[in-house]
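**Student:** First, the structure itself, so that you have it in front of you.
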Amino acid sequence: MSWFKRESGEYESGPHSRSVASVGEKRVRTEGLWIKCVGCREIIWKANLLANLNVCPKCQHHFKMGARQRIDLLLDPGYELVDGGLRSNDPLNFTDIKPYKARLRAAQEATGLDDAILNAVGQLGPHQVVLSAMEYSFIGGSMGAVVGETIARAVDRARLTRKPLIIIAASGGARMMEGVVSLMQLAKISTALAQLDDAKVPYICILTDPTTGGVTASFAMLGDLNIAEPGALIGFAGPRVIEQTIRQKLPEGFQRSEFLLEKGFLDAVVHRRELKGYLIRALEFLRAPAVA
């Protein structure tokens, strides 16, 4: 009764063999080529989304971008990646449902990065800048010792070379697997930024979806200019935690970038396609000599 046997998902014989095979082939070819927008629920051809800077062409919802994509978006070709090669040594030998070392290995293999951060030096139009971009897909962009040290090195590099600093924040906050070591990074980076401010070197922070926890409580809100992408979730605790704590319904759009701009927590909300031009103009203003 070989009629009932299948190999590699196909019938060996029978009237449906061709259609099953063709359906199977079609499913393999189209897998992962479409994505549903979380804003308008539109089904988007992934190539069109990438061509549109990971922004929904219908509702303008800004999808997440990787750190390398962020750098490619803002810096001119020929930039240099710097301050790499740092890896966490798991200071607490931490384990929850899986060992922290295993989480790190998985994240490193999935992203090709050593940790949730990339530093680069390059041209942003006419300006030479130091750029630090966080990678949310690496353990939620959480900030441990490596992320903190890498950002601190970017701050020091900007101060010593007198190049403007731009940090792109995308993070769930401090990395709990490193305990107080991760919390130390808040003060470490904030101290370095105070020195950068004393040296009168411009610092711009770009807050993307999401920017929360200890990152928001430290360097993400300390820029000379704090700007955000549309619809970005920005805050310390998440809205669900706040509602459960105060037992009140939060206002519509609470903790989204437009809400924070209205309340004075941000200087601007800028669409991704306009971001590079906006930064060039902002740096021209920040670097202009003061008028007596």
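The values are calculated or read from the model by the stated rules, or taken from the named source; none is laboratory data. Source: prediction; values computed, not measured. A quick note on method: Cβ atoms are made from the backbone with ideal geometry, for glycine too, and the neighbour counts reach across all protein chains shown.
**Student:** Answer yes or no: is there a residue in the stretch 224-232 that is at pLDDT below 95 and either of a type in the set (S, T, N, Q) or assigned to a strand (DSSP E or B) (or both).
**Tutor:** Step one: list which residues in the stretch 224-232 are at pLDDT below 95, which gives none.
Taking every residue of the stretch 224-232 in turn, none turns out to be at pLDDT below 95 and either of a type in the set (S, T, N, Q) or assigned to a strand (DSSP E or B) (or both).
**Student:** Answer yes or no as to whether VAL38 is of a type in the set (Val, Ile, Thr), modelled with pLDDT under 95 and assigned to a helix (DSSP H, G or I).
**Tutor:** Taking the combined requirement at face value, the residue does not satisfy it.
**Student:** Next question, about the same structure. Among the residues in the stretch 212-233, are any over 27 Å from ARG153 (Cβ atoms), of a type in the set (A, V, I, L, M) and in contact with a strand residue (DSSP E or B) (Cβ under 7 Å, 6 or more places away or on another chain)?
**Tutor:** The answer is yes, given that some residue of the stretch 212-233 is over 27 Å from ARG153 (Cβ atoms), of a type in the set (A, V, I, L, M) and in contact with a strand residue (DSSP E or B) (Cβ under 7 Å, 6 or more places away or on another chain).
**Student:** Sort out which residues of the stretch 69-86 are under 20 Å from TYR278 (Cα atoms) and not in a loop (DSSP other than H, G, I, E, B), and write them in order of number.
**Tutor:** GLN69, ARG70, ILE71, ASP72, LEU73, LEU74
**Student:** From GLY264, GLY253, which residue is more than 18 Å from the chain's Cα centre (by Cα), surrounded by fewer than 16 Cβ atoms within 10 Å (Cβ to Cβ) and modelled with pLDDT of 95 or more?
**Tutor:** The conditions single out GLY264.
**Student:** Can you find even one residue in the stretch 205-218 that is closer than 29 Å to LEU160 by Cβ, of a type in the set (Ser, Thr, Tyr), touching a residue at least 24 places away in the same chain (Cβ under 8 Å) and touching an Asp or Glu at 6+ places or on another chain (Cβ under 9 Å)?
**Tutor:** yes
**Student:** Of (1) within 29 Å of LEU124 (Cβ to Cβ); (2) touching a residue at least 24 places away in the same chain (Cβ under 8 Å), GLY238 satisfies all except one. Which?
**Tutor:** Among (1) within 29 Å of LEU124 (Cβ to Cβ); (2) touching a residue at least 24 places away in the same chain (Cβ under 8 Å), the lone unmet condition for GLY238 is (1).
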